[in-house]
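Accompanying notes for the structure given below.
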Amino acid sequence: MVKQMFDPFKPRRSLGKTGFLATPLGIGDLADRSVPLAQCVATARRAIDRGLNLIDTAPMYEAGYSEEIVGQAVQGVREKMFIIDKVDHLDQPVGPQVDESLQRLRLDHVDLFAFHAVSTLEAWRKLAAPGGGMDQLEQAVQAGKARFRGISSHHPDVLREAITSGTCDVVMFPLGPFVDERYFLETLPLARGHEVGTVCFKTFGAGKLLGDTSGYNQPLTQRPRGKFSSGGKELDGAAGPQLPHLAVLECVHYTLTLDPDVTLLGLSFPNEQDAAFAAAEAFKPLAPAAMADLRRRAVAAIAEKGPCWWNPPASL
């Protein structure tokens, strides 16, 4: 459980069996090709300079732009950082994908390569089969191109098999006010029991919990009809941004209360970082009643905002 003295900017415990002491907050993807590279690098470096020591990227994030950003941002501080990259194409040979990522990063190795979005049991079992992706990724580890292996997944059943397989050093999965309850009731304690590191995302529900978006700042194409409360007044749902929202502080406190090893926050601008950092600094674990209330309110805040792809089908 969370210790009484909690500092989101100082390493606190090993990330599973990796031996790396990770900060409770991690730096998620912040790539945006509409923003100059130097500005993106400076934003990532701002979080590193604040103390965060784990950073996440993937080839598919803005077609390699994220990897370029991370590679530049860690220059001069590489030895203190835990870098996570992904293998995006699950049905293709692993070695060439690893090499291409390292070229974009301009690094000779990363700390963890994770298979990206392994969200069906069929996909996982192909990776786990002899000679499959996990074995190929182990070859990359033996070659010194990575230190550890893992997966990210949007399905608790996949995560259960991956955690118990003994082949994953770290698993990545959603954790926030609006996620399938199995992620926090089953996946998180199972990973702890097997000493598998946990790096979690979707604290803000792809932004849906904080604003009127279909995800990642994409505007809603059709505003829901009906009456919504705003400032004590009932307003027409077609008139403007009056949908229910949660606050940054509430979302951050919710996920930190669940206590994964690392909570990834994809914060693309300094003002967004400052809001999240202030929330983390003010953190105190929430009581069960407050957690339940946030889950209830999250259902209303995320309704009518499109699919929540991080939950398995028919969940919630």
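The values are calculated or read from the model by the stated rules, or taken from the named source; none is laboratory data. The model shown is predicted, which means the values in this text are computed figures rather than measured ones. Neighbour counts run over all protein chains shown; Cβ positions are idealised from the backbone, glycine included.
Quick grid of which residues meet (1) touching a strand residue (DSSP E or B) at 6+ places or on another chain (Cβ under 7 Å); (2) of a type outside the set (S, T, N, Q); (3) touching a residue at least 60 places away in the same chain (Cβ under 8 Å):
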| residue | (1), (2), (3) |
| --- | --- |
| 38 | no, yes, no |
| 65 | no, yes, no |
| 76 | no, yes, no |
| 86 | yes, yes, yes |
| 92 | no, no, no |
| 96 | no, yes, no |
| 114 | yes, yes, no |
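Take residue 262 and tell me if it is in contact with a helix residue (DSSP H, G or I) (Cβ under 7 Å, 6 or more places away or on another chain), closer than 29 Å to residue 12 by Cβ and at pLDDT 95 or above.
The answer is no for residue 262.
Can you tell me which residue in the range 141-171 is farthest from residue 17 (Cα to Cα), limited to those that are small (Gly, Ala, Ser) and crowded, with 22+ Cβ neighbours inside 10 Å?
Applying the filter and picking the extreme gives 153.
Tell me the residue from 137, 90 that is in contact with a Leu (Cβ under 9 Å, 6 or more places away or on another chain), crowded, with 18+ Cβ neighbours inside 10 Å, of a type outside the set (S, T, N, Q) and assigned to a loop (DSSP other than H, G, I, E, B), please.
Residue meeting the stated conditions: 90.
Given the options 56, 49, 29, name the one that is more than 25 Å from residue 115 (Cβ to Cβ) and of a type in the set (D, E, K, R).
49
In the range 275-307, what residues are under 22 Å from residue 216 (Cβ atoms) and assigned to a loop (DSSP other than H, G, I, E, B)?
Within the range 275-307, 303, 304, 305, 306, 307 meet the criteria.
Step by step: first the residues of the range 100-134, then only those that are within 10 Å of residue 145 (Cα to Cα) and not aromatic (Phe, Trp, Tyr), then the one that is farthest from the chain's Cα centre (by Cα). Which residue is that?
108
Can you report the number of residues in the range 28-68 which are outside any helix (DSSP H, G or I) and either modelled with pLDDT of 95 or more or of a type outside the set (S, T, N, Q) (or both)?
Matching residues across the range 28-68 total 22.
Within the range 108-134, can you find the residues that are assigned to a loop (DSSP other than H, G, I, E, B) and either hydrophobic (A, V, I, L, M, F, W, C) or in contact with a His (Cβ under 8 Å, 6 or more places away or on another chain) (or both)?
Hits for the range 108-134 are 117, 118, 119, 120, 129.
Quick check: anything in the range 269-288 farther than 27 Å from residue 55 by Cβ, without any contact (Cβ under 8 Å) to a residue 40 or more places away in the chain and surrounded by fewer than 16 Cβ atoms within 10 Å (Cβ to Cβ)?
So far as the range 269-288 goes, yes, one or more of its residues are farther than 27 Å from residue 55 by Cβ, without any contact (Cβ under 8 Å) to a residue 40 or more places away in the chain and surrounded by fewer than 16 Cβ atoms within 10 Å (Cβ to Cβ).
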